[in-house]
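The values are calculated or read from the model by the stated rules, or taken from the named source; none is laboratory data. Owing to the predicted nature of the structure, the values given are computational and were not obtained by experimental measurement. No Cβ is skipped: glycine too gets one built from the backbone with ideal geometry, and neighbour counts run over all protein chains shown.
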Amino acid sequence: MIPLSRFGDVLLGAACQAREKSADTLTETRTRWNQESIRAAAEIWGRWTLLAERGAAERERGRRGAQRAVDAAVDRMAHSTLVDRVVNAQLDRVLTLLENEPDRVRAIVRGQSDSIVGEAIGRVRSGAAAGDDVVDRFTVRMTGRGKNP
Amino acid sequence: MSGYAGLVSRGLAYLIDAVAVALLAGAGVTVLGMVASVVGPEARDLARLVVSGYVLFLPALLAVYCALFWSLAGRTPGMAVVGVRVVRTDGRPVGWLGASIRGVLLAFFPIGALWLLIDRRRQAVHDKVVGTYVVRVG
C-alpha cells in the first residue's frame, strides 16, 4: 500500500508518463500526416502537370486549325470571281487615270528624282564645307594668322 | 551669303568644270576627226593641228567656259553643285571683262589659286586681280 505521503509523487509520475505518451503520439501523428500530405501534394502536382500539358497541346492544335481555316478562306476569296472583277475594275480605273493625267504622274516622278538629287547635292556641299574648315584650321595653325572673318 | 568658300569647295567645283570641259573638248575632237576622215586632206591637217595644240586649246576652252558662266549666272555648273558664287568686292555680279580676265588667269595660271590658303578672305590671285570673292550661297 502506498503511503499517503507519496501520493503526490505518484501523481507527478503519472503526469510525466502522460506527457511522454502524448508527445510520442503527437510526433507519430505529425510524421504520418506530413508523409501523407507530401504524397497528396505530389499527386496533385502531377495531375496539374498533366492537365497543363494537355491544355497546351489543345491550344496549339486549335491555333493551327484556325490558321488553316483562315488561310483556306483567304485563298478562296482571292480566287473568287467577285474579287477578280473588283481588282480588274480598279486596275482599269487607275490605268485610265494615269493615261488621262500624265502631268500628275510626271510631277510625282520628278518630285522623287528632285529629292534624290537634292539630297546628294546637300551631302556634297556639307562635305566640301567641312573640308574647307579642316583646311582652314590647318593653314591657321601653320601660318599663325587669325581666324577668317 | 554665309562666308567665303575655301580650297576644298573651290577645288571640287574646278574639278567638275574641268571634267566637263575635257569631255566637251574630247567630243569635239572626235567629231572633227570623223569629219576630217570624210572631207579630205585639208581638214585632216586642220584636225591634226587642233589635236597637237590641245595643251593650249583646252585651257582656252576652260577660260571661255568659265567666263561665259560667270558673266551670265555668276557661277559655273561646278560651282552650282558645290553651292558657291563669284561676286565683286562691292557685292555686285562680275561683268564680262572681269569674268574674262578671271577665266584666263584661272585657266593658264591655276597655281595662283593656292593664294587663297593664306588670304584672310580666301581670295586667289585671279580674285585679287579682278576684285572678286567666292562666297558660299545659302
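Which one is surrounded by the most Cβ atoms within 10 Å (Cβ to Cβ), of the residues in region B:1-53 that are outside any helix (DSSP H, G or I) and more than 14 Å from chain A (Cβ to nearest Cβ)?
B:Gly53
B:Pro77 - would you say it is surrounded by fewer than 16 Cβ atoms within 10 Å (Cβ to Cβ) and within 14 Å of chain A (Cβ to nearest Cβ)?
Considered against the rule, which asks whether it is surrounded by fewer than 16 Cβ atoms within 10 Å (Cβ to Cβ) and within 14 Å of chain A (Cβ to nearest Cβ), B:Pro77 comes out as yes.
Taking the stated definitions as given, is A:Gly146 within 14 Å of chain B (Cβ to nearest Cβ), closer than 30 Å to B:Ile118 by Cα and either in contact with a His (Cβ under 6 Å, 6 or more places away or on another chain) or modelled with pLDDT under 85 (or both)?
Answer is yes for this residue.
For residues in region B:124-138 being free of Cβ contacts under 8 Å to residues at least 60 places away in the same chain and surrounded by fewer than 17 Cβ atoms within 10 Å (Cβ to Cβ), which is farthest from the other protein chains (Cβ to nearest Cβ)?
B:Val129
Restrict the check to region B:58-67 and report whether at least one residue is within 14 Å of another protein chain (Cβ to nearest Cβ) and not charged (D, E, K, R).
Within region B:58-67, not a single residue is within 14 Å of another protein chain (Cβ to nearest Cβ) and not charged (D, E, K, R).
Yes or no: A:Val87 surrounded by 10 or more Cβ atoms within 10 Å (Cβ to Cβ), over 41 Å from the mean Cα position of the chain (by Cα) and not basic (Lys, Arg)?
So A:Val87 fails the test.
Based on this model, can you work out whether A:Ala107 counts as of a type in the set (A, V, I, L, M), farther than 30 Å from B:Leu117 by Cβ and surrounded by 11 or more Cβ atoms within 10 Å (Cβ to Cβ)?
yes
Take the conditions charged (D, E, K, R), within 14 Å of chain A (Cβ to nearest Cβ) and in a helix (DSSP H, G or I) and apply them to B:Arg85. Does it pass?
Against the criterion (charged (D, E, K, R), within 14 Å of chain A (Cβ to nearest Cβ) and in a helix (DSSP H, G or I)), B:Arg85 does not qualify.
Could you identify the single residue in A:Val83, A:Val117, A:Val134 that is part of a helix (DSSP H, G or I) and at the interface with another protein chain (Cβ under 9 Å from one of its Cβ atoms)?
Answer to the check: A:Val134.
Using the structure shown, decide if B:Arg121 is among the basic types (Lys, Arg) and either within 13 Å of another protein chain (Cβ to nearest Cβ) or in a loop (DSSP other than H, G, I, E, B) (or both).
yes
Does A:Arg141 qualify as being within 13 Å of another protein chain (Cβ to nearest Cβ), within 22 Å of B:Arg136 (Cβ to Cβ) and among the charged types (D, E, K, R)?
So A:Arg141 fails the test.
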